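Here the structure is laid out as structure tokens; the discussion comes afterwards.
Each value in this text was obtained by applying a stated rule to the coordinates, not by laboratory testing. Values in this document were obtained by computation on a predicted structure and should not be read as measured data. Cβ placement follows ideal geometry from the backbone for every residue including glycine, while neighbour counts extend to all protein chains displayed.
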Amino acid sequence: MKEKYYISTAIAYTSGKPHIGNTYEIILADAIARFKRAQGYDVYFQTGTDEHGEKIQQKALAQGKTPKQFVDEVSTDIKRIWDKMNTSYDRFVRTTDEIHEKEVQKIFQKMYDKGDIYLGEYTGLYCTPCESFWTESQLVDGKCPDCGREVKEAKEEAYFFKLSKYQKQLEEFIENNPHFIEPESRRNEMLNNFIKPGLQDLCISRTSFDWGIPVPNNPKHVIYVWLDALTNYITNIGYDTENPTEEFKKYWPADLHLIGKDIVRFHSIYWPCFLWSLDIDLPKQIFGHPWLLTNNDKIGKSRGNAIYADDLADEYGVDAVRYYVLHEIPFANDGNLTYELLEERYNSDLANILGNLVNRTISMNKKYFENIVCDSDVTADVDADLINTVLGAKKKVEKAMDDLHVADAIDAVFEIFRRSNKYIDETTPWILAKDENKDRLKKVLYNLLESIRIGAVLLHPFLPETSEKIFVQLNTDVTSYDSIDEFGGLKVGEKLNDPEPLFARIEKKED
Ligand code: ME8
């Protein structure tokens with residue numbers, strides 16, 4: 001039996017088209033999911049859209065649409081972008097799906113029956129764009145600590161969730177499970193800034209708008225969007241307050257909730273307490289990835305500086321965008337995107353290091369051996385270092401991926417291509433050809449082609465399309481993850497396909 005692996009992304013707000021930062025998250029999750037599948041896990045990968053709330057209702061109204069019309073359009077567009085970026089999610093969920101809405105009501109009722117929800121009155125400072133109430137002490141310069149906008153005083157009859165009841169349990173859990181929240185800086189922030197100072201009961205219903213899931217038996221209240229949204233992780237795999245499905249029993253608890261750093265608070269404070277209230281196990285890990293900035297500035301759907309993944313993909317290709325975001329955002333620090341940096345990386349890494357290597361090697365094999373894979377037993381000292389680097393890459397990639405250091409993992413794959421380019425310089429195949437040193441030339445080209453094959457297997461989770469193009473040129477079906485444990489998988493005597501450039505160099509545009 002394969003071991004299961006459940007990975008989720010945040011569900012994106014359907015308040016507008018997702019920018020490259022939001023899209024980074026699905027690409028990152030996709031690379032992890034594909035990698036786990038390659039390793040043999042039974043992966044379940046879930047993503048989707050978060051569709052209720054006041055802000056979305058207001059946006060719809062402003063466009064003269066019903067909220068449902070509006071979210072249908074935006075959700076479709078988000079899915080289109082996720083598909084365009086070649087992401088291999090297993091299920092795309094929507095919080096307006098009936099199955100979800102019904103279960104959220106049952107969840108609310110179960111928490112209420114347990115005594116974890118009570119009716120009270122809320123007075124607080126509310127940030128409409130973030131759908132969040134804040135206390136005075138949480139404000140930064142009197143403004144919302146998340147988005148920096150004005151907050152307004154609001155008072156309403158509301159249902160509360162007894163977050164305070166779970167404070168000690170949560171504090172102990174996070175202390176005892178040091179990897180539950182990653183990276184460590186986020187974990188410390190949660191513990192010291194939010195949990196230890198004390199948890200107040202959480203207001204979990206609203207009466208000021210109606211675009212949400214009604215509270216059972218009191219429909220003038222709608223359920224707070226974060227209770228609605230967080231439960232997507234269980235409702236869509238068959239959680240039910242009475243009869244959870246086999247799918248739920250198999251995949252829950254999630255192995256990884258991949259989310260952005262701004263919403264770690266909701267996932268590491270509210271979510272565990274909601275789950276305890278339902279007597280369900282907690283997810284194994286929450287990773288709050290850093291942000292992607294554009295021109296070193298925060299990207300905002302409403303700030304007007306957004307760059308969109310589909311536009312970038314039209315201009316540079318899907319894998320160039322995937323490469324850039326996966327490679328340029330380190331584990332714990334924000335990454336930066338500009339057109340200039342993207343073009344620089346494209347030319348140096350994709351066109352030069354990878355593209356040229358594949359093109360030169362396959363072209364030489366065509367020129368010297370009519371596209372046939374040859375080999376010989378004429379080895380040289382320099383071969384061992386190449387082969388060690390190539391075979392050693394798998395362990396490095398695995399270690400980096402286990403730690404969610406995806407940028408380091410992709411670097412470890414490129415180490416193969418870098419080393420191979422160096423091997424061309426060291427062995428100078430064109431001189432071997434001139435000297436009629438055919439047997440050595442056969443070995444050199446075999447080593448290069450096999451290194452490229454192994455590199456392409458490891459590259460697949462990150463740049464699937466490029467990897468598949470390389471397999472086509474190599475005309476090989478020896479592409480499994482296990483096939484790279486030994487050097488020599490590429491079959492002698494096979495005929496390669498003609499070389500096709502993978503990444504055309506971008507020439508500097510004239511001003
Ligand atoms: O937060 N760089 O939705 P969302 C990287 N609906 N990631 C970024 C980013 C950036 N510049 N900007 C945003 C929501 N993100 C909620 C989630 S989950 C139960 C509910 C990330 O559309 C952000 O951190 O605002 C989040 O993980 C995801 O994009 C969707 O953001």
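The alpha carbon centroids of region 177-233 and region 429-454 are separated by 61 Å.
Assigning unit charges at the beta carbon (Lys, Arg +1; Asp, Glu -1) and nothing else, what dipole magnitude in debye, to the nearest 20, does region 88-145 show about its Cα centre? Before the final figure, lay out each step's value.
On the way: 7 positive and 11 negative charges, 27 e Å.
Charge dipole of region 88-145: 120 debye, to the nearest 20.
Here region 464-509 and region 411-426 have alpha carbon centers that stand 15 Å from each other.
Once you have a ≥ b ≥ c as the square roots of the Cα gyration tensor eigenvalues for region 162-279, tell me rounded if a/c is under 1.5, and otherwise prolate or oblate according to whether a/b is larger than b/c.
Verdict is oblate for region 162-279.
Counting every other Cβ atom within 10 Å of each residue's Cβ, 239, 224 order from fewest to most as 239, 224. The fraction of Cα-Cα pairs per 20 angstrom bin, counted from 0 for the chain, comes to 21, 48, 23, 7, 0 percent, rounded to whole percents. In the chain, taking the dipole from charged Cβ atoms about the Cα centre, the farthest positive-side position among 456, 267, 277 is held by 277. Each residue of region 119-133 was assigned a 3J(HN,Hα) from its phi angle through the Karplus curve 6.51 cos²θ - 1.76 cosθ + 1.60 (θ = phi - 60°); the sequence is 8, x, 10, 10, 10, x, 9, 10, 9, 5, x, 8, 6, 10, 8 Hz, with glycine and proline shown as x.
About its Cα centre, the dipole of the chain is roughly 280 debye, where the only charges are +1 on Lys and Arg Cβ and -1 on Asp and Glu Cβ. In region 339-484, one over the average inverse separation of all distinct C-alpha pairs is 15.7 Å, which is the Kirkwood hydrodynamic radius. Listed values for region 91-108 are Karplus-derived 3J(HN,Hα) couplings in whole Hz (6.51 cos²θ - 1.76 cosθ + 1.60, θ = phi - 60°), namely 8, 9, 9, 10, 6, 8, 5, 4, 4, 6, 4, 5, 5, 4, 5, 5, 5, 4, and x replaces Gly and Pro. All C-alpha to C-alpha distances of region 9-91, sorted into 10 Å bins beginning at zero, yield P(r) values of 18, 44, 26, 10, 2 percent in whole numbers.
Residue order for 281, 50, fewest other beta carbons within 10 angstrom first, comes to 281, 50. Volume per residue for region 116-174 equals 104 cubic angstrom (convex hull of Cα atoms). Annotation: aspartates and glutamates with alpha-carbon distance below 17 angstrom to residue 508 (same-chain offsets under eight excluded): 315, 340, 343, 344, 349. Looking at region 463-511, the trypsin sites (Lys or Arg not before Pro) that sit in a DSSP loop and have at most 11 other Cβ atoms within 10 Å of their own Cβ are 508, 509. Modelled spin labels at residue 495 and residue 1, positioned 7 Å past Cα toward Cβ, are 4.8 nm from each other. In region 141-183, the alpha-carbon atoms span a convex hull of 141 Å³ per residue.
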